[in-house]
Structures are given as C-alpha cells and as structure tokens.
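*Asks:* Mind having a look at this structure? Questions to follow.
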Amino acid sequence: MLRMEFSERRNRIIVGMQGHFVGDFAEHARRLIVGSKTPSMFVVDLSGVIYVDAAGEEVLVWFKEIGVTFTADSPYSRDVCTGLRLPIACEQSYGPDLRDSGYMHSPETGSTTGILNADVTQL
C-alpha cells in the first residue's frame, strides 16, 4: 500500500509518500501528477518509502524528466535517489508529517494539507 499526502509550502506542492512505491500504486501517483500544468512545483518526499520496484523506478525517472525534485531523509530513500540520479531539493525534511490525517489549512504556516490513502486495486 502507498500513502500519499499533498501539502502546499513556500510555493511548492509537497508530495509525501509512505509505504511501497510499486506497480499500480506508482502508476496511480503518475496519473495524479500528469495533469499538473507546473510539475516543477512538485517536491516528492521519498523518506517514508520502504520499497520501490521496477515500475516505481520508471515513474520516479519520469517525475525527474518532467521537472519534479525530491527529498530523501532515510537511508533507503537516499539510495533510491542516488541510484536513479534524482534531483534533490535544497532542503531536507521538506515534506509533510504523514502521521496526521484529514485535510487542514493552517493560517499560521500557510500550509494546506490533504491526504490520499489510495489502494488502487479497489479503484
């Protein structure tokens, strides 16, 4: 299962991911971003990803090709970024806190957060 959380911070759309970035989950993530007019605004935080298969790697490389940048705070996610030569955003720990749930706008931080818990096998 893959959990994705979207938040807006500093004129960027942060996509926090947690779980397995594999197969249909990776393709679903691609479909969510493909419609964006400004993919270079996306920063994908891979810190919570614990496994990426070949399909997931293909989607990550595609993200790179359309201008997405990445953060990676875990050893596994840093290894994935290094191995695929993914561009790292200037700032680590950029991503949202995946322990929270729901949709929230914080006037103090200017952050808007929404969570998508997607099991694409049921879509």
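*Asks:* Treat each spin label as a single point 7 Å out from the Cα along the C-beta direction, and report the Glu27 to Ile66 distance in nm.
*Replies:* Using points 7 Å along Cα→Cβ, the separation is 1.6 nm.
*Asks:* Still on this structure: Based only on other Cβ atoms within 10 Å, what is the fewest-to-most ordering of Cys90, Cys81?
*Replies:* Ordered by Cβ neighbours within 10 Å, fewest first: Cys90, Cys81.
*Asks:* Moving to a separate point now. Can you pull the one-decimal nm distance between simple spin-label points at Ser36 and Ser74, each 7 Å off the Cα toward Cβ?
*Replies:* My value for the distance between the label points is 2.1 nm.
*Asks:* Which FRET efficiency value, to the nearest 0.05, do you get for Asp53 and Asn11 by plugging their Cβ-Cβ distance into 1/(1 + (r/R0)^6) with R0 = 22 Å?
*Replies:* Step by step, r from the Cβ atoms, then E = 0.10.
FYI, it's all coordinate maths here, none of it is from the lab. Small disclaimer: the values here were computed from a predicted structure and weren't measured. So basically every Cβ, Gly included, is an ideal-geometry build from the backbone, and we count neighbours across all protein chains shown.
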